[in-house]
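Colleague: Structure provided below as structure tokens; questions to follow.
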Amino acid sequence: MRKIEFFRHNIDERDIRRAAAVLRSVFLTTGAEVAAFEDGMRRYLGSEHVVGLTSCTAALHLGLEAWGVGPGDEVITPAMSFCATSNAILHAGAVPAFVDSEEGTGNIDAELIEGRITRRTKAIMPVHLYGHLADMRRIRSIAGRRGLAVIEDAAHCLEGRRDGIRVGQLGDAAAFSFYATKSITSGEGGAISVHDAPKADLLRHLRLHGIDKGAADRYTKRYRHWDMPILGWKYNMDNIQAALLMGQMNDVGARCRRRRRIAEEYERGLEGVPGLTLMRTAPCTEHARHLFTIRVRPARRDKVLVALQEAGVGVAVNYRPIHLLRYYRTRFGFKPGAFPVAERIGSETISLPLYPKLSDREAETVVRTVRRVVSRHA
Ligand SMILES: *Cc1c(COP(=O)(O)O)cnc(C)c1O
């Protein structure tokens, strides 16, 4: 049987031609293509400003920097995420205050946020896990009352909505990823969306060392000396990345609809299978369906994982909780039991293939294989 890859990207000939045109031009770094991509993304999101960066990790970090989060500060964030989320908090010099998950969605349990707020708390960094928007209305209201910034980790959720609001709408900033396995990709890449014009300006400076003129200013206009009023980083998206992303951004809705169709097939085919649990979708949610995960008993998870792989179905684990990764255990002394729901999800979860190129036949094969493997092992 042919292997069903865990992920296949959607870069097509049109995207490759656009990138090739940049490569044949003289100007490779941040310029007109990046500005055009930022504008397209801004229109898709319905946001005010988008700044193109090298990764979502960079976007999360710069978001914190732009809102003045630094040493001595705490940022509230879920234990159930990819380590990039809380690493960005450490990059800013602050520390994560982890919060446990909701059982059904795996998202940060908004109920527990207020209990984690201290005098040092500066921001909340929710993650829209698997493409399911966190409870942003609730989070916005807590942040508003307590004077906290909200920086959304939207790496899974370019397309998500919930309770009548979109991703990035209620947060001060939202961070997006164009990493190799994300819904649109340039191999590596990211962006931050914000509503506030001065913050967007600051972010444009912070992404390029803090200097006051980018290469495009120096290239297209008469040479003028530049200065460096503040210290920034080297996080600027380049024209090659932007050219690859431009066409993908135009198709983002169609791709998401295809993933939703596959997810519906998975839910139909796997609902009620003994020994297998599915994640839930909250009411009034338009799920971006970045990842589709199943849960099996912890003692059986790794056996099921290997058996699926051996049967030719690509799988992954998203995620083992951050606080139990070795660096976090060592630095902060976390012990198992600190965030029981996140830990349970981390020990039970398996991600299945989910991408627009997955055919109906392949999706059927995934369902059949999962049913067979789980009934044997779980
Ligand atoms: C992929 C991912 C990131 C990091 O994205 P990069 O672009 O690789 O920096 C951050 N958070 C989550 C939840 C992710 O899945």
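Colleague: Test T185 against the criterion of being among the hydroxyl-bearing types (S, T, Y), part of a loop (DSSP other than H, G, I, E, B), surrounded by fewer than 18 Cβ atoms within 10 Å (Cβ to Cβ) and modelled with pLDDT of 95 or more, and give yes or no.
Modeller: When the stated conditions are applied, T185 does not pass them.
Colleague: I need a count of the residues in the stretch 123-154 that are within 16 Å of D100 (Cβ to Cβ), touching a residue at least 60 places away in the same chain (Cβ under 8 Å) and more than 16 Å from the ligand (Cβ to nearest atom).
Modeller: Total meeting the criteria: 1.
Colleague: I'm checking my understanding of the structure. Among residues of the stretch 310-348 that are within 20 Å of I108 (Cβ to Cβ) and basic (K, R), which one is least open to solvent (accessible area, probe 1.4 Å)?
Modeller: That would be R344.
Colleague: Checking D201 against (1) more than 14 Å from the ligand (Cβ to nearest atom); (2) of a type in the set (D, E); (3) in contact with a Leu (Cβ under 8 Å, 6 or more places away or on another chain), which single condition isn't satisfied?
Modeller: Among (1) more than 14 Å from the ligand (Cβ to nearest atom); (2) of a type in the set (D, E); (3) in contact with a Leu (Cβ under 8 Å, 6 or more places away or on another chain), D201 violates only (3).
Colleague: Those residues that are under 21 Å from K182 (Cα atoms) and either free of Cβ contacts under 8 Å to residues at least 12 places away in the same chain or within 16 Å of the ligand (Cβ to nearest atom) (or both), I need them from the stretch 257-301; list them, please.
Modeller: R257, R259, R261, E264, M279, H287, A288, R289, H290, L291, F292, T293
Colleague: Filter the stretch 85-122 down to the residues that are surrounded by 23 or more Cβ atoms within 10 Å (Cβ to Cβ) and in a helix (DSSP H, G or I), then identify the one that is farthest from the ligand (Cβ to nearest atom).
Modeller: I89
Results for (1) assigned to a loop (DSSP other than H, G, I, E, B); (2) outside the structural domain of C256 (by TED's automatic domain parsing); (3) at pLDDT 95 or above; (4) open to solvent by less than 10 Å² (accessible area, probe 1.4 Å), shown as yes or no for each residue.
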position	(1), (2), (3), (4)
L133	yes, yes, yes, yes
R138	no, yes, yes, no
A143	no, yes, yes, yes
I151	no, yes, yes, yes
A155	yes, yes, yes, no
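Colleague: Just need a number here: residues in the stretch 63-84 that are more than 16 Å from the ligand (Cβ to nearest atom) and assigned to a helix (DSSP H, G or I).
Modeller: The number of residues fulfilling the criteria is 1.
The values are calculated or read from the model by the stated rules, or taken from the named source; none is laboratory data. Bear in mind the structure is a predicted one, so any value in this text is a computation, not a measurement. In this analysis, Cβ positions are derived from the backbone assuming ideal geometry, glycine residues included, and neighbour counts consider all displayed protein chains. Protein only, heavy atoms only, side chains kept; ligands, DNA and RNA dropped before computing areas. Shrake-Rupley method; radii C 1.70, N 1.55, O 1.52, S 1.80 Å.
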